[in-house]
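A short write-up of the structure that comes next.
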Amino acid sequence: MKRTENQQRFDAFREEFKNFTFYQQEVDVQEGVLCMTFHFSLDDRYYFHPTMCIPARPFYHWEQVPNDQLESLAFHIGMVELVSYWKLACPKTIVVKPFDLKLCQKKWWRHLYYEGLGEFRYLNGIECSEHDFLRIESGTNRDFKPVSVPLKEQTLIPVGGGKDSVVTLECLRREMPVIPLILNPRGATVSCIEAAGYTMDDVAVINRTLDPTMLRLNNEGFLNGHTPFSALLAFLTLMISAGTGAKYIALSNESSANESTVPGTDINHQYSKSIDFERDFRDYVKQHLSDEMQYFSFLRPLNEMQIASLFSRCDAYHEVFRSCNAGSKTDSWCGKCPKCLFTWIILSPFLSRQRLTEIFGKDLLTDPELRPIFEELNGTSAVKPFECVGTVEEVRACVDDMKDRQGTIAEVSPQAEASVEEILKRFNEENFLPEQFVRILKSKLHV
């Protein structure tokens with residue numbers, strides 16, 4: 001469908017549907033299990049009731065979190081969850097019923113929705129300024145409560161089954177008490193946890209269920225596209241932090257995530273993994289929710305190549321990690337997508353071609369069907385893949401480092417601006433790591 005046609009659909013939906021309403025969040029704790037239900041509506045014509053449940057674990061102390069603070073945390077989770085439903089028709093107004101939002105908070109949320117839906121707007125050919133994208137109304141006089149619970153020197157580590165969170169887990173688990181966290185467990189996440197020596201009883205789990213009405217409307221031709229998933233995870237980690245008393249929340253987002261997907265624009269597939277979001281989120285939490293909880297990305301000082309170098313030493317995970325979205329349901333590498341090819345390339349300076357072939361099930365560099373994706377990764381094409389991949393500079397450096405690329409899709413590639421050795425020596429000082437975490441990270445890098 002042409003972009004002009006998608007713009008017309010966007011405009012038509014906004015004329016047909018005036019309001020998206022966030023009516024209520026429900027929080028219930030029974031026998032140590034915390035469940036949340038959110039109630040949304042698209043113009044009171046379509047209703048959505050997504051749920052999230054956190055199974056009981058011995059390390060939770062929900063009794064220490066007052067009900068009004070649980071409501072506050074759940075409300076913020078709902079404010080991100082609603083994006084997946086609002087984007088069906090993108091009505092101009094979001095009506096927030098549970099709590100009042102100050103002007104600065106409305107501005108913050110509007111910015112998150114706009115930037116977090118940057119890929120959605122770009123791929124749907126939607127042109128709209130941030131100011132006109134939406135407005136937020138909240139008509140209640142009820143203010144949400146800040147969170148004040150006892151916290152201890154403990155660290156939450158979200159584990160997604162890929163190499164990045166494995167590196168964070170391996171760097172920290174022997175240095176301090178940690179609690180791994182998994183949203184919607186699948187094969188690779190469970191296998192990585194087991195490779196680290198944990199059982200699922202040691203893991204904070206969140207089970208998220210989408211409302212089937214949204215899925216039906218997607219199939220019926222309503223708007224669809226990428227949403228800021230990592231922003232949802234960020235607010236979910238605050239709930240787990242409150243329940244466990246863990247002071248630190250260590251994400252695994254690297255400096256490479258800051259690069260725009262569309263050169264020369266602010267469109268970034270990884271916006272909610274970027275330093276910009278991390279800074280904004282930390283400021284919001286400190287001003288409105290808690291000045292004790294510490295959310296940061298442990299890998300922010302590093303680039304993808306440095307992470308690949310550290311991961312190459314984690315032999316126990318090489319057979320079980322997965323970074324392929326297309327193969328996530330079957331717990332496999334599809335061997336056809338940008339994530340597969342990028343992961344192969346970024347590991348190539350540190351693992352042999354034979355070992356990579358064993359991990360991925362085939363030699364990706366000999367697949368001519370991957371050439372267009374390779375050109376997107378190395379900057380030959382105008383736009384990078386809309387996936388969580390590293391920088392053009394890193395890809396070119398890895399290709400330059402390859403000893404034998406004759407007869408492969410990497411045979412011809414632009415000259416690298418920097419060598420593998422140069423990129424491996426970097427340390428991005430624009431980060432929010434507490435000092436003890438900086439020391440740990442540098443010790444692993446031998447910086």
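Does H39 qualify as being under 27 Å from V285 (Cα atoms) and out of contact with any Ser or Thr (no Cβ under 7 Å at 6 or more places or on another chain)? If you could, list the steps in order and put the result at the bottom.
Values: under 27 Å from V285 (Cα atoms): yes; out of contact with any Ser or Thr (no Cβ under 7 Å at 6 or more places or on another chain): yes.
In short, yes.
Kindly establish whether E375 is open to solvent by less than 60 Å² (accessible area, probe 1.4 Å), closer than 30 Å to H226 by Cα and under 28 Å from the mean Cα position of the chain (by Cα).
Working: open to solvent by less than 60 Å² (accessible area, probe 1.4 Å): no; closer than 30 Å to H226 by Cα: yes; under 28 Å from the mean Cα position of the chain (by Cα): yes.
When the stated conditions are applied, E375 does not pass them.
Please work out which one of (1) in a loop (DSSP other than H, G, I, E, B); (2) open to solvent by 70 Å² or more (accessible area, probe 1.4 Å); (3) touching a Ser or Thr at 6+ places or on another chain (Cβ under 8 Å); (4) not hydrophobic (A, V, I, L, M, F, W, C) is the condition R142 fails and give its number.
That leaves (3) as the condition not met.
What is the one condition in (1) part of a helix (DSSP H, G or I); (2) within 19 Å of A231 (Cβ to Cβ); (3) open to solvent by less than 40 Å² (accessible area, probe 1.4 Å) that C104 does not satisfy?
Single failed check for C104: (3).
So which of S290, S260 is at pLDDT below 95 and either under 26 Å from F432 (Cβ atoms) or in a helix (DSSP H, G or I) (or both)? Walk me through how you get there before you give the answer.
Details: S290 fails: at pLDDT below 95.
After ruling out the rest, the residue left standing is S260.
Examine segment 341-350 for a residue that is open to solvent by 20 Å² or more (accessible area, probe 1.4 Å) and out of contact with any Lys or Arg (no Cβ under 9 Å at 6 or more places or on another chain), and state whether such a residue exists.
yes
Can you tell me which residues in segment 272-304 are basic (K, R) and either within 22 Å of E259 (Cα to Cα) or crowded, with 20+ Cβ neighbours inside 10 Å (or both)?
Initially, segment 272-304 is screened for residues basic (K, R), giving 273, 279, 282, 286, 300.
Residues satisfying the conditions are K273, R279, R282, R300.
Yes or no, residue by residue, for (1) touching a strand residue (DSSP E or B) at 6+ places or on another chain (Cβ under 9 Å); (2) under 25 Å from S297 (Cα atoms); (3) among the hydroxyl-bearing types (S, T, Y):
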{"residue": "N67", "(1), (2), (3)": "yes, no, no"}
{"residue": "A74", "(1), (2), (3)": "yes, yes, no"}
{"residue": "L88", "(1), (2), (3)": "yes, no, no"}
{"residue": "D100", "(1), (2), (3)": "yes, no, no"}
{"residue": "Y113", "(1), (2), (3)": "yes, yes, yes"}
{"residue": "E127", "(1), (2), (3)": "no, no, no"}
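Just need a number here: residues in segment 293-327 that are of a type in the set (S, T, N, Q), under 19 Å from the mean Cα position of the chain (by Cα) and within 16 Å of V420 (Cα to Cα).
Looking only at that region, the number is 1.
Only one of E175, E194, E137 is surrounded by fewer than 16 Cβ atoms within 10 Å (Cβ to Cβ) and in a strand (DSSP E or B). Can you tell me which?
E137
Read through the list (1) farther than 24 Å from H269 by Cα; (2) part of a helix (DSSP H, G or I), then give the number of the only condition that Q406 fails.
(2)
When you scan segment 265-273, do you find a residue that is modelled with pLDDT of 95 or more and within 28 Å of Y198 (Cβ to Cβ), even just one? Please lay out each step first, then the result.
As a first pass, look at segment 265-273 and keep what is modelled with pLDDT of 95 or more: none.
No, there is no match, as no residue in segment 265-273 is modelled with pLDDT of 95 or more and within 28 Å of Y198 (Cβ to Cβ).
Just need a number here: residues in segment 232-271 that are of a type in the set (S, T, Y) and open to solvent by 10 Å² or more (accessible area, probe 1.4 Å).
Let us first name the residues in segment 232-271 that are of a type in the set (S, T, Y), namely 237, 241, 244, 248, 252, 255-256, 260-261, 265, 271.
Checking the rest, the ones that are also open to solvent by 10 Å² or more (accessible area, probe 1.4 Å) come to 248, 252, 255, 260, 265, 271.
Within segment 232-271, residues that are of a type in the set (S, T, Y) and open to solvent by 10 Å² or more (accessible area, probe 1.4 Å) number 6.
Could you tell me whether segment 403-418 includes any residue that is within 20 Å of F311 (Cβ to Cβ) and either at pLDDT below 95 or exposed (fewer than 13 other Cβ atoms within 10 Å of the Cβ) (or both)?
We begin by selecting, within segment 403-418, every residue within 20 Å of F311 (Cβ to Cβ); these are none.
Checked segment 403-418: no residue is within 20 Å of F311 (Cβ to Cβ) and either at pLDDT below 95 or exposed (fewer than 13 other Cβ atoms within 10 Å of the Cβ) (or both).
Looking only at segment 48-62, count every residue that is open to solvent by 40 Å² or more (accessible area, probe 1.4 Å), in contact with a helix residue (DSSP H, G or I) (Cβ under 7 Å, 6 or more places away or on another chain) and not in a loop (DSSP other than H, G, I, E, B) and tell me the total.
Qualifying residue count, segment 48-62: 0.
Give just the number: which of (1) part of a helix (DSSP H, G or I); (2) without any contact (Cβ under 8 Å) to a residue 24 or more places away in the chain does Q69 not satisfy?
(2)
Kindly establish whether D43 is touching a Cys at 6+ places or on another chain (Cβ under 9 Å), farther than 17 Å from S241 by Cβ and surrounded by fewer than 15 Cβ atoms within 10 Å (Cβ to Cβ). Outline the logic, then answer.
Numbers: touching a Cys at 6+ places or on another chain (Cβ under 9 Å): no; farther than 17 Å from S241 by Cβ: yes; surrounded by fewer than 15 Cβ atoms within 10 Å (Cβ to Cβ): yes.
When the stated conditions are applied, D43 does not pass them.
With (1) within 24 Å of L302 (Cβ to Cβ); (2) in contact with a Pro (Cβ under 9 Å, 6 or more places away or on another chain) as the list, and V395 as the residue in question, which single condition is left unmet?
The single condition V395 does not satisfy is (2).
The values are calculated or read from the model by the stated rules, or taken from the named source; none is laboratory data. Treat the numbers as computed from the prediction; the structure is a model and nothing was measured. Cβ: placed from backbone, ideal geometry, glycine included. Neighbour counts: every protein chain shown. Just so you know, the surface numbers come from the protein's heavy atoms only, side chains and all, with ligands and any DNA or RNA stripped out. Shrake-Rupley method; radii C 1.70, N 1.55, O 1.52, S 1.80 Å.
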